[in-house]
1. Give the separation of the Cα centroids, the stretch 55-127 to the stretch 185-251, in Å.
2. So how do 161, 78 line up by other beta-carbon neighbours within 10 Å, fewest first?
3. What is the fewest-to-most order of 245, 142, 118 by other Cβ atoms lying within 10 Å of their Cβ?
4. Treat the stretch 174-249 as a sphere of radius equal to its Kirkwood radius over Cα pairs and apply Stokes-Einstein at 25 °C in a medium of 0.890 mPa s; give the translational diffusion coefficient in µm²/s, rounded to a whole number.
5. In terms of the Cα gyration tensor, with a ≥ b ≥ c the square roots of its eigenvalues, is the stretch 115-242 rounded because a/c is under 1.5, prolate because a/b exceeds b/c, or oblate?
């Protein structure tokens, strides 16, 4: 599960474009790899920054991630135009023109039922404008941009962001089950909780360095297991919406 959530959130998208190694090129950044739509809210703003020295033309593509009872999942494309008939998460606008050293924003809007938690992958994909694209460019402007990226190979990198839409009636319920060999945390609620800044530390030497920090998104009905060891403790925070609480799992 941890590997799956990490893959969903941090996947990079690369598009080969023609450009010399010393030519101008866009470089986009989208900030956090996880975003959350809290109960009672119907939108969030996502900013796209371009730190490169050429304009970035960015498509916003959205798919809904649906989990099966066996833990596998499927992704279904979602209509990305605001006001579309399909319920789900939509982007407005779904095409961004981001100037060099500038930024633009798209609003992600939630439509439809909020009785259960839903999950989406939002991809921000830099592209070379085509005649059929909706960037409102003239043929001359498209030609100028292509000539700017016209020789050699340049890699345009996009990002996939994982969006969790909490249900309107969110219920948090993390339960702990302890055995001789491990401690298991089970999410018995109806919405995702975050186990943040998880570190394994020495139980005897408080000055010793802890393990690198990690974060786990614990979906409803899922569990996270911590091995019990006489020489170590686990420290982390449980994040339930706006609330945080410290947890120490000792031997």
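All of the numbers you see were taken from the coordinates with simple rules; none came from a lab. Given the structure is predicted, the values throughout are model-derived calculations rather than measurements. Positions of Cβ are generated from backbone atoms using ideal geometry, with glycine treated the same way; all protein chains shown enter the neighbour counts.
1. For the stretch 55-127 versus the stretch 185-251, the Cα centre distance is 30 Å.
2. On the way: 161 23, 78 20.
Ranking 161, 78 by Cβ neighbours within 10 Å, fewest first, gives 78, 161.
3. Details: 245 10, 142 17, 118 21.
By the 10 Å Cβ count, ascending, the order reads 245, 142, 118.
4. After rounding, the answer is 189 µm²/s.
5. Details: a/c = 4.68, a/b = 2.06, b/c = 2.27.
Oblate, since a/c reaches 1.5 and b/c is not below a/b.
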